[in-house]
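Everything below concerns the one structure shown next.
The values are calculated or read from the model by the stated rules, or taken from the named source; none is laboratory data. These numbers were taken from a predicted model, which means no experiment stands behind them. All Cβ positions, glycine included, derive from the backbone under ideal geometry; neighbour counts span all protein chains shown. With ligands, DNA and RNA removed, areas are computed over all heavy atoms of the protein, side chains included. Shrake-Rupley method; radii C 1.70, N 1.55, O 1.52, S 1.80 Å.
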Amino acid sequence: MINRLIQKLFGKQAGEESKDIAKKRLKLALVCDKLEVSEDILKKLQTDIVAVISRYFEIDKTEFNIDIQRTDDLASLVLNTPILRTRTNY
Amino acid sequence: MDGKVIVVTSGKGGVGKTTATASVGAALAQTGKRVVVVDMDIGLRNLDVVMGLENRIVFNIVDAVNGKCKSRQAAIKDRKIDNLFLIPASQNDNKNAITPEKMVEFVKELKKEFDFVFMDCPAGIEQGFENAVAAADEALVICTPEVSAVRDADRVIGLLYSKSITPKLIVNRIVPEMVERGDMLSHTDVLDVLSIDLLGLIPMDENVVVATNTGTPIIFNNQSKAGNAFKRIGLRLDGHPDLPIEVPSTKSSLWKKIVQKFAVKK
Ligand SMILES: Nc1ncnc2c1ncn2[C@@H]1O[C@H](COP(=O)(O)OP(=O)(O)O)[C@@H](O)[C@H]1O
Ligand SMILES: [Mg+2]
């Protein structure tokens, strides 16, 4: 735990632990459950969206994140990506 | 004044619903509240053995709901805690022996006599779940830090919201060593994924198995981390909603306590 804290303090990326994999799988499973689509379709959607955004911005694809957020009576699909820089050559 | 009716549910089986119902019920009864715990797992009753009351069963929930006996006759008094009662499930009926409408009527009567009515839900989201939830004002969702349990919890939380119940979460069977080395989802990971408020965190604790062997409430064992965590949940449910949630940890070194202070904030 202290190691991880130090890694975090110094901005080092901690190696992927099994719970990180669990969390990723869980998130994806929940999005699929809610949209009632297969994981396959969701991954394709993600690939397509990343491709479109990448035409205009340079993004960190490893940090790209697709999620469902729920408010009282409505679920929304939320995409999150760090933008590294704008492409000047489009 | 009417009592609170709380359903304990999870979706997935074996995550600790029955243990939590018995323990939180006992904790509240020990502080002087009048508590009845109702086993809604018709056909697979368990709460009676966990509480050590299996030899005293005469009537059951199906009898009581269908008017074959008075609710007082079906409520078995606990051996050790005066204000604690159990209404056992029936072992031979099927789940259709009760309907949500009848359950609502029955619980209305119970509410008049008890400060807290806890309903221990069967696994799944079918008839038994519907029967219990129909009569509930509040819900406790139990999950363990595993992908399957959290996913099922999410499903149940969605169903509860659709019935206008805002549930609270208990994460059970936490193994701090595993969380600390990154091999088990932490409670913050679980809360990141689920849209729900946290009520309590229960560590994996061998004492739970020992207490279940003998049918004694785990809250009687002051050395038990799980027992103490259940007591804190009782307090949070009854008059002390701001009691801090303790995060299970391996050792309570000062350093870890400091780290936790930052980790618990939410
Ligand atoms: N915190 C805990 N530590 C150790 N064992 C536990 C804990 N909580 C539950 N158990 C054990 O896990 C098993 C399943 O618990 P139970 O309460 O029957 O789950 P459910 O009612 O959700 O099916 C039981 O054998 C119980 O003793
Ligand atoms: Mg059970």
_Solvent-accessible area per residue, Å², over the protein assembly as shown with all protein chains present [probe radius 1.4 Å]_ = 52 Å²
_Taking 0.36 nm per residue of sequence separation and subtracting the Cα-Cα distance, how much length would be gained by fully extending the chain between B:ASP82 and B:ILE245, in nm to one decimal?_
55.9 nm
*Helix B:17-30: angle to the longest alpha-carbon principal axis of chain B, degrees 0 to 90, nearest 10?*
80 degrees
_Show me the ranking of peptides B:85-93, A:79-87 by mean Cβ neighbours inside 10 Å, starting with the highest._
B:85-93, A:79-87
*How do B:40-47, B:55-62 rank on mean C-beta neighbours within 10 Å, highest first?*
B:40-47, B:55-62
_Straight-line reach from A:LYS19: which aspartates and glutamates fall under 15 Å, measuring Cα to Cα and dropping same-chain residues less than 8 apart?_
B:GLU146, B:GLU177, B:GLU180, B:ASP183, B:ASP189, B:ASP192
_Computed Rg/Rh of region B:138-228, alpha carbon atoms with Kirkwood Rh_ = 1.02
*Work out from phi, with θ = phi - 60° and the Karplus expression 6.51 cos²θ - 1.76 cosθ + 1.60, the ³J(HN,Hα) of each residue of region B:102-110, listed in order in whole Hz, and give x for Gly and Pro.*
5, 5, 4, 4, 4, 5, 4, 5, 4
*Helix B:254-264 sits at what angle to the longest principal axis of chain B, using alpha carbons and giving 0 to 90 degrees rounded to 10?*
60 degrees
*Express in whole angstrom the spacing between the alpha-carbon centres of region B:1-27 and region B:45-108.*
15 Å
*Would you mind calculating the gained length between A:ASP60 and A:LEU74 on full extension (0.36 nm times residue separation, minus the Cα-Cα distance), in nm to one decimal?*
2.2 nm
*asked:* With the crude spin-label approximation of a point 7 Å out along Cα→Cβ, what separation in nm comes out for A:ILE53 versus B:ASP93?
replied: 5.4 nm
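Could you rank the peptides B:194-203, B:64-73 by their average count of other C-beta atoms within 10 Å per residue, with the highest value first? Before the final figure, lay out each step's value.
Values: B:194-203: 20.9, B:64-73: 16.0.
For the peptides B:194-203, B:64-73, the packing ranking is B:194-203, B:64-73.
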*Please check which bits of region B:70-87 a label hung off B:THR214 would reach, taking the label as a point 7 Å along Cα-to-C-beta and the cut-off as backbone N under 17 Å.*
B:79-81
*What is region B:4-263's relative contact order, in percent, from Cα pairs under 8 angstrom and six or more apart in sequence?*
24 percent
*So for region B:39-114, what percent of the C-alpha to C-alpha distances run longer than 16 Å?*
46 percent
